[in-house]
Amino acid sequence: MSLLGVLRGPRQVLFGAGQRHALGTIVSALGSRALVCTDARFGATPEFAHLVRLLEDSGVQVTSYAEVEPDVPVHQVVRCAELAAAAEPDVVVGMGGGSCLDLAKAVAVLLTHGGTPADYYGELRVPGPVVPVVALPTTAGTGSEVTPVAVLTDPDRISKVGISSPYLIPHAAVCDPELTVGCPAPLTASAGADALSHVVEAFTAIRRPVTSELATERVFVGKNELTDTYALLGVRLIAGSLHRAWSTPGDVDAREAMMLGATAGGFALGTAGTAAAHAIQYPVGALTHTPHGVGVGALLPYVMEFNRPARVPELAAVAVAMGASREWSAEDLADEAIDRVTALLASVGIPASLAELGLPADQLRWTAEQAAGAERLVANNPRPLDVDALEHIVRAAHAGDRSALREAVPTPTGLAATGGA
């Protein structure tokens, strides 16, 4: 027997329209004092005020921090933890997009274990359980409501950094698609592109040899039977709803499908992990100051093209999940998957090249070198990557030329060209 299945997630996930109204009951079961983290936009809405009232009516004393910035600067984690320490919260509630949820997770680590965020950068460095986190997303993108990672921005480092540990998985996730109905079109596109990249990269990630230590030695173990199920569910839902949610913001069915797809993507990436598109986006985002989802969306078709020789069956399954005929050959379906992903992203305004994002032509090698430093992501790619291979992808993506990735690329030293299958 050779099958492997690994899946981690919250103790409970409530999904569906109106489920936010259960927030008071869920939080009050965890304690009587809550720190609520959100951003200034959502913090100024009537919906936020209503959610706080739900907590207070359930007997929970609320301390609010409504200053979360995009991409979570590390100084905000420290500041929020310092402000919250006097309140001694029993639970941290993250409300908003992925940055709000990531800040809530990171603050929970500091409240429990002290120190600074840098003490926990990397995998498996959180020493034990943290103050429980309840996550309530208001966008359909990161899947952070169910993942074991908090992504931060550190001014001392060029690229983003992550704290990755199963202890960061929220205790509960409350996913109410009604909260995404007011999401503006550009944010819907960026978040949706991020969600699409999660399901595709998790489904096409490296498949590691099965050992009894794999799930205890790594946070992200690569593709496996359980994460594949969530990844394909996410592909199907996002493919059928992203353009509708973007073009018709009030389409509640599309909003519902997108949020479910994003949460499924969180389950998939939270155990399988992501790969080259995310590794390259980190330096691209640092140089161009473009949203994370826009960057990974622009890169995704090129990474799929590069990985195609190692992942034809998987890409064929992606194409079928997006509506292609099962009667086609696997080779044709693999091409169709990349074409369909490219077309879907273009339909919601995601740029087709890194040049369109503003990446300078004289920074392509540097981008590849920085991406190579994201070792966790690089190691999760199904085809081996070194700086030359990464530069091959970056140059093709900068030129907007997928066909260039069907040309030979130098094989990383000591590795097979299509290893990791």
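The values are calculated or read from the model by the stated rules, or taken from the named source; none is laboratory data. Everything numeric here is computed off the predicted structure, so don't read it as measured data. Cβ atoms come from the backbone with ideal geometry, glycine included; neighbour counts cover every protein chain shown. We work out accessible area using only protein heavy atoms, side chains counted, and drop any ligands, DNA or RNA first. Shrake-Rupley method; radii C 1.70, N 1.55, O 1.52, S 1.80 Å.
The table that follows gives values for the structure above.
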read-out	value
Whole-number accessible area per residue in Å² for segment 288-403, which is evaluated in the context of all protein chains at 1.4 Å	37
Dipole of the chain, positive direction: furthest Cα of 310, 29, 320, with charges on the beta-carbon	29
Residue-normalised accessible area of segment 153-231, given per residue in Å² at a 1.4 Å probe	36
Dipole of the chain, positive end: most advanced residue of 243, 346, 9 [Cβ charges, Cα centre]	9
Calculated FRET efficiency for the pair residue 289/residue 2, C-beta based, R₀ 45 Å, to 0.05	0.50
Three semi-axes of the equivalent ellipsoid, segment 201-354, Cα gyration tensor, whole Å, largest first	23, 19, 17
Segment 78-232 - percent relative contact order, Cα under 8 Å, separation 6 or more	21
Sites residue 22 and residue 157, calculated FRET efficiency, Cβ-Cβ separation with R0 41 Å, nearest 0.05	0.60
Label-point separation in nm, residue 353 to residue 87, each point 7 Å along Cα→Cβ	4.9
The chain - charge dipole about Cα centre, Lys and Arg +1 at Cβ, Asp and Glu -1, debye rounded to 20	440
Radius 10 Å from Cβ of residue 318, net charge of other residues (Lys, Arg +1; Asp, Glu -1)	+1
Net charge of neighbours whose Cβ lies under 15 Å from the Cβ of residue 199, counting Lys and Arg as +1 and Asp and Glu as -1	0
Cα convex hull of segment 102-241, projected area averaged across orientations, nm²	9.7
More than 14 angstrom apart: percent of Cα pairs within segment 204-266	61
CD proxy at 222 nm, helix term only [per DSSP H run n ≥ 4: -39500 (n - 2.57); per residue of the chain; nearest 500]	-15000 deg cm²/dmol
Hydrodynamic radius (Kirkwood) for the chain, which is based on Cα pairs only, to one decimal in Å	21.3
Radius ratio Rg over Rh of segment 53-167, counting only Cα atoms, Kirkwood formula for Rh	0.94
Ordering of 372-379, 308-315, 238-245 by burial proxy (mean other Cβ atoms within 10 Å per residue, highest first)	238-245, 308-315, 372-379
Carbon plus sulfur fraction of accessible area for the chain, probe 1.4 Å, in percent	53
Debye intensity ratio in log₁₀ form over the Cα atoms of segment 273-421, taken at each q of 0.16, 0.20 Å⁻¹	-0.82, -1.26
Rounded to 5, the percent of DSSP beta bridges in the chain classed as antiparallel	20
Added length on full extension, which subtracts the Cα-Cα distance from 0.36 nm per residue, residue 362 to residue 229	43.8 nm
Gain upon complete extension [residue 121, residue 67; 0.36 nm per residue less C-alpha separation]	17.2 nm
Net charge contributed by nearby residues that have their C-beta within less than 14 Å of residue 110 (K/R +1, D/E -1)	-1
Highest-MSF residue in the chain out of 359, 385, 214 [GNM, Cα springs under 10 Å]	214
